[in-house]
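To start, the structure under review is shown below, and the notes come after it.
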Amino acid sequence: MTSPHEDVLQHIDLLKDVVPSPESTHRAIARAANALLNQGPDNKAVGALRHRPRSTWTTALAACMAVLIGVIACFVFLRRDSVAFGDVQEELRRVNTVMYNFVTGDAGNRVTTRCILSGTRARREERGRVTIRIPDQKITLFINHNDRTAKFLHHNSGKEPKMTDEYSRLVSIVDSSAKEIGKRSVDGKPVLGFEAPEIGTNGAPMRIWVDPLTRLPVRIEASGNRAMQDFEFNVNVSENLFKLIAPDAYFVEHAYDVPQSPINLDEVQLQKYTSIARDPSRSPQETIEAFLKLSAAGKDVLVRKLLRNPIRADEIRELNGFHKLELKEMLATNAAALGITSAAIEYRGKQRAMVLEVKRVDGNWLIDDIDLESADEVQDEVRRFVAEHPDAKEVE
């Protein structure tokens, strides 16, 4: 059986290797101190040690051991509080999921955005609006519950879609650029502070307050009254939060971050449609055909000669399937015409045709209005045009 003094040393030795929580440290200290008086719960000497006066030697040993334990405990806590920013970055790299609130504005005009990150996926919720980003699928979904709409943004540029996220930027901050700024209390919890330049803001300072035990952020303060708080790390999140599905009965739209590459017109075609665009005596049918080809070819200067209103050609070209449009039907009078293309554009969840209204202005045919319509909407446009122009005839 070991002596009480050997037992004390064993408990102290255990303290050297422990990386404790406050509770476990207190327990270890208590056990080591208790070992000064007890060899074990069944030892008959326990009562004697408690009730008879201790010798001077025993009292001195107890005092020395108490001081030694205190020194070791202080060393352990000081070592735990000594956190480098590189340690914070290392812990952040181990995080799989995180939820937090991103707060902007002052007290009178505060906006809170709920952010959820899981791997490379991200979701944001703010005032009835939801944004879901899935880099692997190169799609960002915007849902607006206020007006019941959903927009799929397809990233066909070849670049990974990005959602600004200050939390993710922390891992990219070079350790040497972060300096320690002392300690404070956040929500009653003691934290360590670091300051580093925020990426993408010309060096504006960002303060990161870290829990010294977990080495993870508790609060992050950035310029412009921005803060990240209420962190929850490595929590289970539902896969439904990241589904790229529009809610039932919502108005759906598809868009593309980069217009499709222009088509190539050979020299004969380019000369033909250039001549039409510059010829004031062109017919309404030639006006529409030249517009379709020159827009798809990216000839914006020539396209503007065909438009009565300043419609941007790149707004037309970015629609998926635009290159496949062909003039299918046309009604005309001496002063106005209505052209309808094939339904080749996938827009807002439906196959749509382009409906172009052309008017004679100072003897020159110009495109006055452009709409993308479903099959039913096309028929409505035809009925409206015929009602306004009873003498309209179908053009072969």
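The values are calculated or read from the model by the stated rules, or taken from the named source; none is laboratory data. Nothing here was measured: the structure is a model prediction, and the numbers come from that model. Neighbour counts are summed over all protein chains in view; Cβ atoms, including those assigned to glycine, are modelled from backbone coordinates with ideal geometry.
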Exercise. Answer yes if at least one residue in region 121-137 is in contact with an Asp or Glu (Cβ under 7 Å, 6 or more places away or on another chain), more than 20 Å from residue 253 (Cβ to Cβ) and modelled with pLDDT of 90 or more, and no otherwise.
Key: yes
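Condition (residue is farther than 24 Å from residue 97 by Cα, at pLDDT below 85 and of a type outside the set (Lys, Arg)) applied to region 204-214: is it met by at least one residue? Lay out the reasoning, then the answer.
At the first step, the residues of region 204-214 found to be farther than 24 Å from residue 97 by Cα are 204-205.
Now drop any that are not at pLDDT below 85, which leaves 204.
Checking which are of a type outside the set (Lys, Arg) leaves us with 204.
Yes, region 204-214 contains a residue that is farther than 24 Å from residue 97 by Cα, at pLDDT below 85 and of a type outside the set (Lys, Arg).
Does region 361-396 hold any residues that are in a strand (DSSP E or B) and in contact (Cβ under 8 Å) with a residue 40 or more places away in the chain, and which are they?
Kept after step one, since they are in a strand (DSSP E or B), are these residues of region 361-396: 361, 364-373, 393-394.
Selection gives 361, 364, 365, 366, 367, 368, 369, 370, 372, 393, 394.
Could you say whether any residue in region 144-155 is within 19 Å of residue 226 (Cβ to Cβ), in the same structural domain as residue 246 (by TED's automatic domain parsing), surrounded by fewer than 18 Cβ atoms within 10 Å (Cβ to Cβ) and at pLDDT 90 or above? Give the steps one after another, and end with the answer.
Start the filter on region 144-155 by keeping residues that are within 19 Å of residue 226 (Cβ to Cβ), which leaves none.
Checked against the condition, which is being within 19 Å of residue 226 (Cβ to Cβ), in the same structural domain as residue 246 (by TED's automatic domain parsing), surrounded by fewer than 18 Cβ atoms within 10 Å (Cβ to Cβ) and at pLDDT 90 or above, region 144-155 yields no hits at all.
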